[in-house]
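The values are calculated or read from the model by the stated rules, or taken from the named source; none is laboratory data. The structure displayed is predicted, hence computed values, not measured ones. Backbone-built Cβ (ideal geometry, glycine too); neighbour counts: all protein chains shown.
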Amino acid sequence: MNSEEFRSFAKAAVDYIADYLENIRNKKVLSSVEPGYLHQHLPQEPPQEGEPWQSLLQDVDRIIVPGLTHWHSPHFHAYYPTANSHPGIVGEILLSGLATISTDWHPDNVCVALEQKVLDWLAKLLHLPSHFLNTSPGPGGGLIQNAASDSTLIALLISKTKKTSETAPDAKLVAYTSEQSNSSVEKAGLLASTTIRLLPTDEHGALRGTTLLRAIREDIASGLTPCSVVATLGTTGTCAFDDLEEIGPICKDFGVWLHVDAAYAGAAFCCPEYLPLMKGVEFADSFCFNPHKWMLVNSDCSAMWFKDVTHAEKVFDRESSGTHFWQIPDVRRFRALKLWFVLRVYGVEGIRKHIRKQVDLAKYFEGLVRGDCRFEVCRVSLGLVCFRVKGDDRRTQDLIDRVTQRKKIFVMPYYFREKLVIRFVICSRFTEETDVLVAWEEIKSQVEHNLDG
Ligand SMILES: Cc1ncc(COP(=O)(O)O)c(C=O)c1O
């Protein structure tokens with residue numbers, strides 16, 4: 001492929017993406033293909049001769065798109081948002097085209113310098129403590145990781161190394177998190193060979209200080225060595241916030257590493273009105289949030305900060321391999337570029353507007369649910385509304401099954417306090433009030449069916 005062909009190919013692809021996003025509202029939100037579908041459409045062997053690029057885009061349209069879950073559809077209300085924006089897409093294209101793979105953690109390398117700069121911008125945007133800044137006089141700093149799961153694993157590995165150096169090398173380490181934390185925390189425990197204790201939460205789904213203190217004391221009494229706590233700001237199920245003001249001082253007293261996972265909710269801290277939700281964040285040794293969830297940066301882009309990077313350096317800096325990143329892979333993509341694009345095109349006010357609009361849309365949905373006596377609202381937090389059909393769980397399950405089968409909207413089930421609830425999240429940046437109404441009409445139409453039946 002020569003440069004002219006590349007230009008035509010790339011232009012056609014960008015046109016295709018623009019059309020796809022413009023029309024996404026009209027697509028059924030879930031894949032409409034049957035299992036085994038791809039095998040029927042693709043040959044068993046790779047092509048012997050190269051094919052014209054036009055056939056690739058045609059096949060994306062003909063074969064791939066019908067099999068997609070449309071994560072950016074305004075009718076996708078499950079999980080948490082997976083971010084997307086025009087500057088984010090262009091940044092992703094450019095960073096792949098510039099194709100730098102940085103292995104050099106030196107501020108003269110422009111990729112590293114830009115990453116340090118935008119991570120500082122981001123920390124300021126979120127009102128994080130200044131000790132996290134790369135430019136702080138202290139030992140703090142931040143960088144981009146692949147995912148929140150990586151950040152948790154990295155925090156566990158660092159805390160393990162730190163604790164082992166302070167105690168007996170054969171100490172039996174234990175880490176704590178709440179029963180409501182993301183499954184990636186247990187996975188990280190497995191990978192870091194650290195026992196994870198899942199602690200009970202209060203009636204709001206938050207981990208409280210008294211619970212943590214009791215667990216730590218019990219474990220010390222039975223010969224274990226507490227080494228870290230993974231606290232969540234914005235749990236996956238119900239967007240609950242662990243109490244950092246209570247947990248933080250306990251971690252400090254017992255020399256336990258405090259990692260904060262704010263994968264989704266972290267984006268909200270750009271709005272001053274949500275800052276009370278992260279009170280106590282100054283106790284965190286490390287903090288992670290995903291701009292690729294709710295802050296308009298295309299996946300992947302997970303931000304992680306350390307209060308003191310020297311602990312990370314002890315684990316991850318390897319002169320022998322020439323890498324100086326506090327991360328799992330050897331090399332890294334130039335993801336700062338797309339973050340930079342999003343921050344510049346939206347600006348602080350544009351990002352705040354996006355977050356506030358999505359929270360308002362969730363409140364709008366909450367109002368609709370509350371206005372119907374067949375339903376109960378169980379929890380509302382940021383862009384998430386948890387609700388259920390009153391009565392037996394089977395009614396809620398039936399409703400979820402019907403709605404999922406029809407593929408007009410997509411919602412998620414979750415068990416909270418022994419009750420089945422529906423998680424309804426405002427996920428897409430395209431969502432408007434009319435889309436929320438469409439979702440509500442769809443839910444009502446299916447519950448009517450369900451209650452009559
Ligand atoms: C609170 C929380 N932490 C971690 C994760 C995992 O994120 P990632 O896919 O970036 O590892 C999620 C995913 O939804 C989450 O909600």
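Kindly establish whether E49 is without any contact (Cβ under 8 Å) to a residue 24 or more places away in the chain and of a type in the set (D, E, K, R). Here the answer is yes, as E49 does meet what is asked.
For region 206-308, the strands (runs of 3 or more DSSP E) that sit wholly inside it and include 2 or more residues that are at pLDDT 95 or above and more than 25 Å from G138 (Cα to Cα) are 225-232. If you filter region 107-129 down to residues that are touching a helix residue (DSSP H, G or I) at 6+ places or on another chain (Cβ under 8 Å) and more than 17 Å from R335 (Cα to Cα), you find that the one that is surrounded by the most Cβ atoms within 10 Å (Cβ to Cβ) is L128. Residue pairs whose Cβ atoms lie under 7 Å apart, sitting 6 or more positions apart in sequence or on different chains, and linking a residue in region 66-84 that is under 14 Å from E22 (Cα atoms) to a partner that is part of a loop (DSSP other than H, G, I, E, B) and among the acidic types (D, E), are P74/E432. For region 154-174, filtered to residues that are buried (at least 24 other Cβ atoms within 10 Å of the Cβ) and within 16 Å of the ligand (Cβ to nearest atom), the residue that is farthest from M304 (Cα to Cα) is L156. Scanning region 282-300 for residues that are farther than 25 Å from P87 by Cβ and within 15 Å of the ligand (Cβ to nearest atom) yields A284, S286. If you check T232 against the conditions, is it in contact with a Ser or Thr (Cβ under 9 Å, 6 or more places away or on another chain), β-branched (V, I, T) and more than 16 Å from the ligand (Cβ to nearest atom)? Criteria not met by T232. Residues that are in a helix (DSSP H, G or I) and among the small types (G, A, S) within region 174-205 comprise S183, S184, A188, G189, listed in sequence order. Against the test of being more than 16 Å from the ligand (Cβ to nearest atom) and either of a type in the set (F, W, Y) or modelled with pLDDT of 95 or more (or both), the options H131, H70, H106 yield a single qualifying residue, H131.
Put simply, of T232, T177, T211 the only residue that is touching a strand residue (DSSP E or B) at 6+ places or on another chain (Cβ under 7 Å) and either free of Cβ contacts under 8 Å to residues at least 24 places away in the same chain or surrounded by fewer than 19 Cβ atoms within 10 Å (Cβ to Cβ) (or both) is T211.
Checking each residue in region 160-173 for being assigned to a helix (DSSP H, G or I) and either farther than 13 Å from I196 by Cα or modelled with pLDDT under 90 (or both) picks out T161, K162, K163, T164, S165, E166. As an exercise: evaluate I409 against (1) touching a Leu at 6+ places or on another chain (Cβ under 9 Å); (2) of a type in the set (A, V, I, L, M); (3) crowded, with 22+ Cβ neighbours inside 10 Å and give the number of the one condition it does not meet. Checking I409 against (1) touching a Leu at 6+ places or on another chain (Cβ under 9 Å); (2) of a type in the set (A, V, I, L, M); (3) crowded, with 22+ Cβ neighbours inside 10 Å, the one that fails is (1). G138 fulfils the conditions (1) more than 16 Å from the ligand (Cβ to nearest atom); (2) buried (at least 22 other Cβ atoms within 10 Å of the Cβ); (3) in a loop (DSSP other than H, G, I, E, B) except for a single criterion, (2). Scanning region 180-195 for residues that are surrounded by 18 or more Cβ atoms within 10 Å (Cβ to Cβ) and within 14 Å of the ligand (Cβ to nearest atom) returns Q180, S181, N182, S184, V185, A188, G189.
For C270, the requirement of being within 12 Å of the ligand (Cβ to nearest atom) and buried (at least 19 other Cβ atoms within 10 Å of the Cβ) is not met. Of the listed requirements (1) of a type in the set (F, W, Y); (2) within 16 Å of the ligand (Cβ to nearest atom); (3) within 24 Å of F430 (Cα to Cα), W340 misses just one: (2).
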